[in-house]
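Here's the structure we're looking at; comments come further down.
The values are calculated or read from the model by the stated rules, or taken from the named source; none is laboratory data. Predicted model, so just to flag it, every value in this text is computed and none were measured. Heads up, the Cβs are rebuilt from the backbone with ideal geometry, glycines too, and the neighbour counts pull from every protein chain shown. Just so you know, the surface numbers come from the protein's heavy atoms only, side chains and all, with ligands and any DNA or RNA stripped out. Shrake-Rupley method; radii C 1.70, N 1.55, O 1.52, S 1.80 Å.
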Amino acid sequence: MNGKREHIAVIAKSKANSEFSRAERATKFILAKTKLRPEIALVLGSGLGAFADEFGRAVKIPYAKIPNFPRSTAIGHAGQLVLGAVDGVAVAAMQGRVHLYEGYSVKDVAFPIRVFARMGVKAVILTNAAGGINREYSQGCLVVVRDHINLQGVNPLAGPNDERFGPRFPDMTRAYDRAFSEFTVEEGKRLGIAIQEGVYAALAGPSYETPAEIRYLRTIGADLVGMSTVPEVLAARHSGLRVLGISCVTNMAAGILDQPLNHEEVLATGERVKAQFIALLRAVISRIAEAIR
Ligand code: HPA
């Protein structure tokens, strides 16, 4: 009898601790802070956080206050969620993300996307800083992600599958939304910003790649390399969210130019193209909102 009761208690506890209930808790907490119901979520990578400072009706919530949310430690990442309006579209933006290289598990990295899905968001815009492998790119150019190669060695969907999030074996044939990518290229043209397209290879980091690794990545079809985004895309597609990925080539990848890489350069380039990037995001948000309504 006692054994049975203990068994039920264990099940109840594991249900309460499931990723789904942890996401539910975070969702309730966030939605209680505002009447806005975001349609689009953004993850603003290194240096891009400033965009969220322009939102109307903004409500800012530090990650540390949100139940179960991971906290960002990287330089250039503010670590707060901003809910607000961009030209009449309700959005939720992460000013900074967390990365595997900070020591977080891949499930932690993807957790905010789980929360966005529970919040009822229909689309996510994931931005990042990346190294350019494709020689047609140059420092500061913006690239729409067409596809990715996951070389992080981990997947946030590993482990028991919770059908309330999505199916066991989600399709990744068109992980990056074609229509969203087209909007981005079109809006770029309209704004006079040249937009490239490419394949993003994700590595765990935190060290930058060796020139030999970059030659390998080029051989397998990568145009860009970075340390983020892919876990978020996997979780987003698992829950049926439509995805747009945009990379800023903050530096050419190791060995492409005859010079070493450093994080200050990455931040400085991000800073230089920030205004363009923000103008593009603003325009794309309106187009995406039309498409998902
Ligand atoms: N490699 C990996 N990640 C990056 C790079 C790079 O060259 N630049 C910005 N993020």
With Cβ to Cβ distances under 11 Å as the rule, what net charge do the other residues near Phe116 carry (K, R +1; D, E -1)? +1
The chain, accessible area per residue, ligands and nucleic acids excluded (1.4 Å, Å²): 45
Need the full-extension length gain, Asp53 to Thr219, defined as separation in residues times 0.36 nm minus the C-alpha distance. One decimal, nm. 55.7 nm
Residues with beta-carbon under 15 Å from that of Leu151, excluding Leu151: net charge, scoring Lys, Arg +1 and Asp, Glu -1? -2
Calculate, in nm to one decimal, what Ala268 and Ala179 gain on full extension: separation in residues at 0.36 nm each, minus their alpha carbon distance. 28.9 nm
Largest to smallest accessible area among Tyr208, Tyr137 [probe 1.4 Å]: Tyr208, Tyr137
Pairs of Cα atoms under 8 Å, at least six residues apart: use those to get the relative contact order of the chain, whole percent. 24
If the chain between Phe29 and Leu191 were fully stretched, how many nm would it gain, using 0.36 nm times the residue separation less the Cα-Cα distance? 54.5 nm
Pair Asp171, Asn155: separation of 7 Å Cα→Cβ label points (nm): 1.6
P(r) tail for the stretch 210-280, what percent of Cα pairs lie past 13 Å? 73
